[in-house]
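The values are calculated or read from the model by the stated rules, or taken from the named source; none is laboratory data. All values derive from a computational prediction rather than experimental measurement. Don't worry about glycine lacking a Cβ; one is built from the backbone with ideal geometry, like all the others, and counts go over all protein chains shown.
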Amino acid sequence: MSLFVISDLHLSFASEKPMDIFGAQWVNHTEKIEYYWNRLISNEDTVLIPGDVSWGLKLDNAMPDLQWIHKQKGTKVFVKGNHDLWWISKNKLNKLFDDMIFIQNDFYKWNDYAICGTRGWVCPGAGEFSAHDEKIYLREVNRLRLSLESAKVMGMDKFIVALHYPPTNEKFVRSGFLELIEEYNVEKVVYGHLHGRDAFDNGIMGIRNGVDYRLTSCDYLKCIPLKIL
(Lines give C-alpha, C1' and ligand atoms only; values in the text may rest on other atoms or scores of the structure.)
Protein backbone atom coordinates (compact mmCIF):
# COMPACT_ATOMS: atom_id res chain seq x y z
CA MET A 1 0.00 0.00 0.00
CA SER A 2 1.79 3.12 -1.27
CA LEU A 3 0.98 6.80 -1.70
CA PHE A 4 1.63 8.38 -5.09
CA VAL A 5 1.22 11.96 -6.34
CA ILE A 6 0.76 13.56 -9.75
CA SER A 7 -0.92 16.91 -10.42
CA ASP A 8 -2.02 18.95 -13.43
CA LEU A 9 -3.39 16.11 -15.53
CA HIS A 10 -5.18 18.69 -17.72
CA LEU A 11 -7.50 16.11 -19.25
CA SER A 12 -9.86 17.13 -22.03
CA PHE A 13 -11.80 14.17 -23.38
CA ALA A 14 -14.89 16.34 -23.88
CA SER A 15 -13.38 19.75 -24.62
CA GLU A 16 -10.57 18.30 -26.75
CA LYS A 17 -8.14 21.02 -25.76
CA PRO A 18 -4.75 19.94 -27.13
CA MET A 19 -1.92 20.13 -24.61
CA ASP A 20 0.88 19.60 -27.12
CA ILE A 21 0.65 23.29 -28.05
CA PHE A 22 2.48 23.86 -24.75
CA GLY A 23 5.51 21.82 -25.80
CA ALA A 24 6.80 18.39 -26.70
CA GLN A 25 6.52 17.20 -23.09
CA TRP A 26 2.72 17.25 -23.48
CA VAL A 27 2.52 15.16 -26.66
CA ASN A 28 0.29 12.14 -25.93
CA HIS A 29 0.51 12.97 -22.23
CA THR A 30 -2.75 11.15 -21.40
CA GLU A 31 -1.46 7.91 -22.88
CA LYS A 32 1.83 8.34 -21.01
CA ILE A 33 0.06 8.88 -17.70
CA GLU A 34 -2.06 5.76 -18.22
CA TYR A 35 0.98 3.69 -19.19
CA TYR A 36 2.98 4.60 -16.09
CA TRP A 37 -0.08 4.46 -13.84
CA ASN A 38 -0.74 0.88 -14.89
CA ARG A 39 2.90 -0.09 -14.39
CA LEU A 40 3.36 1.49 -10.96
CA ILE A 41 0.02 1.60 -9.18
CA SER A 42 -2.17 -1.18 -7.77
CA ASN A 43 -5.72 -1.09 -6.47
CA GLU A 44 -4.33 -1.05 -2.91
CA ASP A 45 -2.47 2.22 -3.55
CA THR A 46 -3.65 5.82 -3.22
CA VAL A 47 -2.96 8.61 -5.72
CA LEU A 48 -3.05 12.23 -4.60
CA ILE A 49 -3.95 14.70 -7.40
CA PRO A 50 -3.34 18.35 -6.40
CA GLY A 51 -5.52 20.14 -8.91
CA ASP A 52 -6.01 21.05 -12.56
CA VAL A 53 -7.66 17.75 -13.35
CA SER A 54 -9.86 18.79 -16.27
CA TRP A 55 -10.35 21.63 -18.73
CA GLY A 56 -14.11 21.17 -18.47
CA LEU A 57 -15.97 24.36 -17.58
CA LYS A 58 -18.91 22.49 -16.05
CA LEU A 59 -19.26 19.09 -14.41
CA ASP A 60 -20.89 17.59 -17.51
CA ASN A 61 -17.84 18.58 -19.55
CA ALA A 62 -15.48 17.19 -16.92
CA MET A 63 -17.27 13.86 -16.43
CA PRO A 64 -15.42 11.99 -19.21
CA ASP A 65 -12.15 13.05 -17.56
CA LEU A 66 -13.32 12.02 -14.09
CA GLN A 67 -14.56 8.71 -15.47
CA TRP A 68 -11.14 8.13 -17.06
CA ILE A 69 -9.49 8.67 -13.68
CA HIS A 70 -12.09 6.42 -12.03
CA LYS A 71 -11.07 3.58 -14.35
CA GLN A 72 -7.45 3.82 -13.25
CA LYS A 73 -6.23 1.73 -10.33
CA GLY A 74 -6.22 2.82 -6.73
CA THR A 75 -8.00 5.36 -4.56
CA LYS A 76 -7.73 8.95 -5.83
CA VAL A 77 -7.69 12.02 -3.58
CA PHE A 78 -8.13 15.53 -5.01
CA VAL A 79 -7.70 19.17 -4.12
CA LYS A 80 -8.94 21.90 -6.43
CA GLY A 81 -6.80 23.65 -9.04
CA ASN A 82 -7.28 27.09 -10.57
CA HIS A 83 -8.54 25.54 -13.84
CA ASP A 84 -11.01 23.18 -12.14
CA LEU A 85 -14.01 25.38 -12.91
CA TRP A 86 -16.24 22.30 -13.00
CA TRP A 87 -15.69 21.74 -9.24
CA ILE A 88 -19.09 21.88 -7.52
CA SER A 89 -19.85 21.26 -3.84
CA LYS A 90 -17.59 18.76 -2.12
CA ASN A 91 -20.56 16.71 -0.89
CA LYS A 92 -21.91 16.26 -4.42
CA LEU A 93 -18.49 15.38 -5.82
CA ASN A 94 -17.89 12.78 -3.12
CA LYS A 95 -21.06 10.96 -4.17
CA LEU A 96 -19.88 10.42 -7.76
CA PHE A 97 -17.37 7.58 -7.34
CA ASP A 98 -16.53 5.37 -4.39
CA ASP A 99 -12.79 5.47 -5.19
CA MET A 100 -12.47 9.27 -5.56
CA ILE A 101 -12.30 11.66 -2.58
CA PHE A 102 -12.44 15.45 -2.85
CA ILE A 103 -10.90 17.47 -0.01
CA GLN A 104 -12.14 20.91 1.02
CA ASN A 105 -11.81 22.21 4.60
CA ASP A 106 -11.37 18.62 5.77
CA PHE A 107 -8.89 15.76 5.40
CA TYR A 108 -8.45 12.20 4.19
CA LYS A 109 -6.99 9.57 6.50
CA TRP A 110 -4.29 7.46 4.86
CA ASN A 111 -2.85 4.93 7.31
CA ASP A 112 -1.69 7.08 10.24
CA TYR A 113 -1.36 10.23 8.10
CA ALA A 114 -3.88 13.00 7.55
CA ILE A 115 -3.85 14.27 3.98
CA CYS A 116 -4.90 17.92 4.18
CA GLY A 117 -5.00 20.65 1.60
CA THR A 118 -6.59 23.39 -0.42
CA ARG A 119 -6.09 25.13 -3.76
CA GLY A 120 -3.78 27.87 -2.47
CA TRP A 121 -3.04 31.08 -4.36
CA VAL A 122 -0.22 33.39 -5.39
CA CYS A 123 1.61 34.66 -2.31
CA PRO A 124 2.53 38.19 -1.20
CA GLY A 125 5.65 39.53 -2.89
CA ALA A 126 4.99 37.63 -6.13
CA GLY A 127 4.90 39.67 -9.32
CA GLU A 128 1.83 41.91 -9.43
CA PHE A 129 0.21 40.87 -6.16
CA SER A 130 -3.01 42.89 -5.91
CA ALA A 131 -5.63 43.62 -3.27
CA HIS A 132 -7.84 41.06 -5.03
CA ASP A 133 -5.05 38.48 -4.75
CA GLU A 134 -4.64 39.24 -1.04
CA LYS A 135 -8.32 38.53 -0.39
CA ILE A 136 -8.14 35.12 -2.08
CA TYR A 137 -4.76 34.34 -0.52
CA LEU A 138 -6.04 34.97 3.02
CA ARG A 139 -9.13 32.85 2.33
CA GLU A 140 -6.97 29.97 1.12
CA VAL A 141 -4.63 30.21 4.11
CA ASN A 142 -7.69 29.93 6.33
CA ARG A 143 -8.94 26.93 4.37
CA LEU A 144 -5.63 25.18 4.93
CA ARG A 145 -5.91 25.88 8.66
CA LEU A 146 -9.45 24.44 8.67
CA SER A 147 -8.20 21.33 6.91
CA LEU A 148 -5.29 20.80 9.30
CA GLU A 149 -7.39 21.56 12.37
CA SER A 150 -10.12 19.13 11.27
CA ALA A 151 -7.49 16.39 11.35
CA LYS A 152 -5.94 17.54 14.60
CA VAL A 153 -9.25 17.46 16.50
CA MET A 154 -9.65 13.86 15.35
CA GLY A 155 -6.38 12.97 17.03
CA MET A 156 -4.17 12.98 13.93
CA ASP A 157 -0.59 14.13 14.44
CA LYS A 158 1.11 13.19 11.15
CA PHE A 159 0.32 15.45 8.22
CA ILE A 160 0.78 15.62 4.46
CA VAL A 161 -0.34 18.83 2.74
CA ALA A 162 -1.47 19.04 -0.88
CA LEU A 163 -1.75 22.45 -2.54
CA HIS A 164 -2.24 23.33 -6.16
CA TYR A 165 -0.19 26.52 -6.01
CA PRO A 166 3.30 26.59 -4.50
CA PRO A 167 3.17 27.55 -0.80
CA THR A 168 5.41 30.59 -1.31
CA ASN A 169 6.51 32.94 -4.08
CA GLU A 170 9.44 32.60 -6.47
CA LYS A 171 11.75 34.26 -3.92
CA PHE A 172 10.75 31.71 -1.26
CA VAL A 173 9.57 34.48 1.10
CA ARG A 174 7.73 33.43 4.26
CA SER A 175 3.98 33.06 3.73
CA GLY A 176 0.90 32.15 5.70
CA PHE A 177 1.04 28.70 4.11
CA LEU A 178 4.59 28.10 5.32
CA GLU A 179 3.68 29.32 8.80
CA LEU A 180 0.83 26.81 9.03
CA ILE A 181 2.90 23.99 7.56
CA GLU A 182 5.54 24.47 10.23
CA GLU A 183 3.03 25.17 13.03
CA TYR A 184 1.40 21.78 12.46
CA ASN A 185 4.73 19.96 11.90
CA VAL A 186 3.72 18.82 8.43
CA GLU A 187 6.08 16.17 7.06
CA LYS A 188 5.54 16.54 3.32
CA VAL A 189 4.05 19.19 1.03
CA VAL A 190 3.16 18.45 -2.59
CA TYR A 191 2.01 21.01 -5.14
CA GLY A 192 1.72 21.65 -8.88
CA HIS A 193 0.76 24.62 -11.07
CA LEU A 194 4.28 25.34 -12.34
CA HIS A 195 4.96 24.36 -15.95
CA GLY A 196 8.08 24.60 -18.09
CA ARG A 197 11.77 24.55 -17.21
CA ASP A 198 11.93 28.23 -16.28
CA ALA A 199 8.91 27.95 -13.97
CA PHE A 200 10.18 24.80 -12.26
CA ASP A 201 13.02 26.80 -10.71
CA ASN A 202 10.45 29.04 -9.01
CA GLY A 203 9.12 26.20 -6.86
CA ILE A 204 10.32 25.44 -3.36
CA MET A 205 11.82 21.94 -3.30
CA GLY A 206 13.75 19.71 -0.94
CA ILE A 207 13.95 19.86 2.84
CA ARG A 208 13.23 23.27 4.37
CA ASN A 209 12.94 23.60 8.15
CA GLY A 210 12.27 19.89 8.40
CA VAL A 211 9.55 19.82 5.73
CA ASP A 212 9.91 17.90 2.47
CA TYR A 213 8.58 19.97 -0.47
CA ARG A 214 7.82 18.29 -3.81
CA LEU A 215 6.76 19.77 -7.15
CA THR A 216 4.45 17.25 -8.81
CA SER A 217 3.24 18.88 -12.04
CA CYS A 218 2.63 16.28 -14.74
CA ASP A 219 5.24 17.73 -17.09
CA TYR A 220 7.82 18.05 -14.29
CA LEU A 221 7.31 14.37 -13.43
CA LYS A 222 7.35 13.41 -17.13
CA CYS A 223 3.88 11.88 -16.63
CA ILE A 224 5.22 9.39 -14.06
CA PRO A 225 3.34 9.33 -10.72
CA LEU A 226 5.73 9.98 -7.83
CA LYS A 227 5.72 7.60 -4.85
CA ILE A 228 6.17 9.62 -1.65
CA LEU A 229 5.38 6.95 0.97
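Worth a mention:
- Whenever a residue of segment 88-115 is under 13 Å from residue 46 (Cα atoms), its partners that are among the charged types (D, E, K, R) and assigned to a strand (DSSP E or B), lying with C-beta atoms within less than 6 angstrom and at least six residues away or across chains, give the pairs 100/76.
- Counted as qualifying within segment 1-104 are the helices (runs of 4 or more DSSP H) with 2 or more residues that are closer than 27 Å to residue 198 by Cβ and charged (D, E, K, R), namely 29-40.
- In segment 11-34, residue surrounded by the fewest Cβ atoms within 10 Å (Cβ to Cβ) [restricted to those that are modelled with pLDDT under 75 and among the charged types (D, E, K, R)]: 16
- Residue tally, condition closer than 18 Å to residue 199 by Cβ and among the aliphatic types (A, V, I, L, M), over segment 167-186: 1
- Filtered residue count, segment 170-207, keeping only those that are more than 19 Å from residue 220 (Cβ to Cβ) and in a loop (DSSP other than H, G, I, E, B): 8
- Selected residue (criterion: surrounded by the fewest Cβ atoms within 10 Å (Cβ to Cβ)) from residues of segment 74-108 that are small (Gly, Ala, Ser) and farther than 25 Å from residue 184 by Cα: 89
- Selection status of residue 132, surrounded by 17 or more Cβ atoms within 10 Å (Cβ to Cβ) and of a type outside the set (A, V, I, L, M): no
- In segment 195-229, the residue that is farthest from residue 39 (Cα to Cα) out of those that are of a type in the set (S, T, N, Q) and over 14 Å from the mean Cα position of the chain (by Cα) is 209.
- So residue 160, is it in a helix (DSSP H, G or I), within 21 Å of residue 3 (Cα to Cα) and of a type outside the set (D, E, K, R): no
- Hey, residue 120 crowded, with 19+ Cβ neighbours inside 10 Å, at positive phi, in contact with a helix residue (DSSP H, G or I) (Cβ under 7 Å, 6 or more places away or on another chain) and not charged (D, E, K, R) or not: yes
- Yes/no for residue 199 being closer than 16 Å to residue 50 by Cβ, surrounded by fewer than 19 Cβ atoms within 10 Å (Cβ to Cβ) and small (Gly, Ala, Ser): yes
- Considering residues of segment 210-229 that are without any contact (Cβ under 8 Å) to a residue 40 or more places away in the chain and out of contact with any strand residue (DSSP E or B) (no Cβ under 7 Å at 6 or more places or on another chain) only, the residue surrounded by the most Cβ atoms within 10 Å (Cβ to Cβ): 220
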